[in-house]
Amino acid sequence: MNSHERVSLKKRLANGQTIIGCLLAFDAPWLVEIIGRSGFDFVTIDVEHEAFDEQGVVNLIRAAETVGLSSIVRMAISDRLLAYLDAGASGIKVPELRGRAHAEELVSLTHFYPEGKRTYYTMGRAAHYGIGIDDHEWMARANEDMFLMAMIEDIQVVEQLDDILKVDEIDAFHVGPHDLAQSMGFPKPSELDEVIKRVVHRCREAGKFTSVGVITPWNLEKADLWRREGCQILTVGSSWVVSHGMVEMQNQLRGLIPADRQSHSEPVAVSRSSYLTSTSKK
C-alpha cells in the first residue's frame, strides 16, 4: 500500500472508526514492518524519550509507508519538526502542552497558508521530491491530511482546557496519566481516573478525538474502559510488550526446570503502574 492508498487517520476517526497504534521505542525498521503487517493503523515514533538520530527517524517513516502505516512523530515543538514532515510523517504528537498559545504555535508551524505559516518546501519525500505534483494542490492536501495531537500532562493545563479546545486544527488530545498524576501529587488511581474522564468528555463534546496512556499486556480492561468513555485512539507500548513477552517466556521455561537444576530461582516481573491497571468497571 502506498501513501495515496492509505486512508488518513482523520478520515478514519471522522467515520467513527477506532484506530490502534504502537508507540515505538526502538530504532528498528523491521519492527515497524511487523507492526504494519500485524494490522495496526499507525506507529508513533517516540523521539521525546528515545535516542533516535534524524536519519533513523526518516527510515522509520519510510518503513511505515511501505506497509500502509501512518507515522506520527512524538517530540517537542522545534524547527526540526519540518524535516520529519518533509520526510513524510503523517502527523505530530507534542508532549507537555502548556496552553492555548503553545497549541497555536504547533498549528502554525505544521500548516501551510491559510491555516499556518509552515515554510514552503516541495523537494522532500512527502512531495515526491517535486516530481509530478502541483505545489499548491500538494500544500492544500498536506494541510487536509495533517494529524495533530497534543498531550495533556499537567493539572494546570486541564484547568485551561476550555480555552485550548477553541484552537482549530488540533485533531486530538492524549492524556498522559503518569505525568498528570505527578502534577497532582500522585493521587489515588480512582481520583486520577475521574479527572481523566472529565477531560475526555470535554474533548469529545468539542469535537476532538481522544487517547489515554498506553496499553500494556496486563491492562486491556483499562483500555476498554477508556474506549467506552469515548476514546477512539488506542496505543500499545512496544517496550512493555517486549519486556512482558520476554519475562513471561523466561518464567514459563524456568517453571519446567527442576529446582535443583535452576541457574537462579528468583521470579522475574515487569513493573506495573497502578495508573495503568483497571480500578473500576462499568
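The values are calculated or read from the model by the stated rules, or taken from the named source; none is laboratory data. Because the structure is predicted, anything quoted here is derived from the model rather than measured. Ideal geometry is used to build each Cβ from the backbone, glycine not excepted, and the neighbour counts take in all protein chains shown. Side chains included, ligands, DNA and RNA excluded: accessible areas come from the protein's heavy atoms. Shrake-Rupley method; radii C 1.70, N 1.55, O 1.52, S 1.80 Å.
Mean projection of the alpha-carbon convex hull of region 1-89 over all orientations, in nm²? Before the final figure, lay out each step's value.
Numbers: hull surface 22.4 nm².
Averaged projected hull area, Cα only: 5.6 nm².
Springs between alpha-carbon pairs under 10 angstrom, Gaussian network model over the chain: which of Ala51, Ala103, Ala172 fluctuates most?
Residue with maximal mean-square fluctuation among Ala51, Ala103, Ala172: Ala51.
For region 78-127, what class follows from the C-alpha gyration tensor (a ≥ b ≥ c being the square roots of its eigenvalues): rounded when a/c is under 1.5, otherwise prolate if a/b is larger than b/c, else oblate?
Oblate, since a/c reaches 1.5 and b/c is not below a/b.
Would you work out the relative contact order for the chain, in percent, from Cα pairs under 8 angstrom that are 6 or more residues apart? Don't jump to the answer; show the numbers that get you there.
On the way: 444 pairs, mean separation 46.6, N = 282.
Relative contact order here is 17 percent.
Leaving ligands, DNA and RNA out of it, report the carbon-plus-sulfur percent of the accessible area of the chain at a 1.4 Å probe.
That share works out to 52 percent.
Here are labelled values, (1) 1, 5, 10, 13, 14, 13, 10, 7, 6, 5, 4, 3, 3, 2, 2, 1, 1, 0, 0; (2) 1, 5, 10, 11, 10, 8, 7, 7, 7, 6, 5, 5, 4, 3, 3, 2, 2, 1, 1, 1, 1, 1, 0, 0, 0; (3) 1, 5, 12, 15, 17, 16, 12, 8, 5, 3, 2, 1, 1, 0, 0, and one is the computed P(r) over Cα pairs in 5 Å bins from 0, in percent for what I pasted. Which one?
Answer by label: (3).
At 1.4 Å probe size, with every protein chain present, just tell me what the per residue accessible area of the chain comes to in Å².
50 Å²
Applying a 10 Å radius around every beta-carbon, put 6-16, 77-87 in order of their mean neighbour count, most first.
Going by the mean number of other Cβ atoms within 10 Å, highest first, we get 77-87, 6-16.
Sort 142-149, 177-184 by the packing proxy (mean of other Cβ within 10 Å over each peptide's residues), most packed first. The partial results should precede the final answer.
On the way: 142-149: 19.8, 177-184: 17.8.
Peptide ranking by packing, descending: 142-149, 177-184.
Compare the peptides 256-267, 30-41 by average per-residue count of other Cβ atoms within 10 angstrom and give them in order, highest first.
Details: 256-267: 7.3, 30-41: 16.9.
In decreasing order of mean packing, 256-267, 30-41 become 30-41, 256-267.
Compute the angle between helix 220-229 and the longest alpha-carbon principal axis of the chain, please, reported from 0 to 90 degrees and rounded to the nearest 10.
So the inclination is approximately 40 degrees.
Just give me a number: lysine pairs in region 163-282, eight or more positions apart or cross-chain, with C-alpha atoms less than 22 Å apart.
Summing the qualifying lysine pairs gives 13.
Below 14 angstrom from the Cβ of His128, what's the summed charge of the other residues (Lys, Arg +1; Asp, Glu -1)?
Net charge around His128: -2.
As a check on your grasp of the helix formula, calculate [θ] at 222 nm for the chain: sum -39500 (n - 2.57) over DSSP H runs of n ≥ 4, divide by the residue count, round to the nearest 500.
-12000 deg cm²/dmol
Could you compute how fast region 152-282 diffuses translationally, taking Rh as the Kirkwood radius over C-alpha pairs and applying Stokes-Einstein at 37 °C with viscosity 0.692 mPa s? Give it in µm² per second.
198 µm²/s
Determine the gain in length on full extension of the stretch Phe26-Asp53; use 0.36 nm per residue of separation and subtract their C-alpha separation, reporting nm with one decimal.
8.6 nm
Would you grab the residues whose amide H sits under 5 Å from the one on Ile215? Only those 5+ places off in sequence or on another chain, please, with H modelled 1.01 Å from N.
Under 5 Å from the amide H of Ile215: Thr235, Val236, Gly237.
Run the numbers on region 144-225 and let me know its relative contact order in percent, using alpha-carbon pairs under 8 Å that are six or more apart.
After rounding, I find 33 percent.
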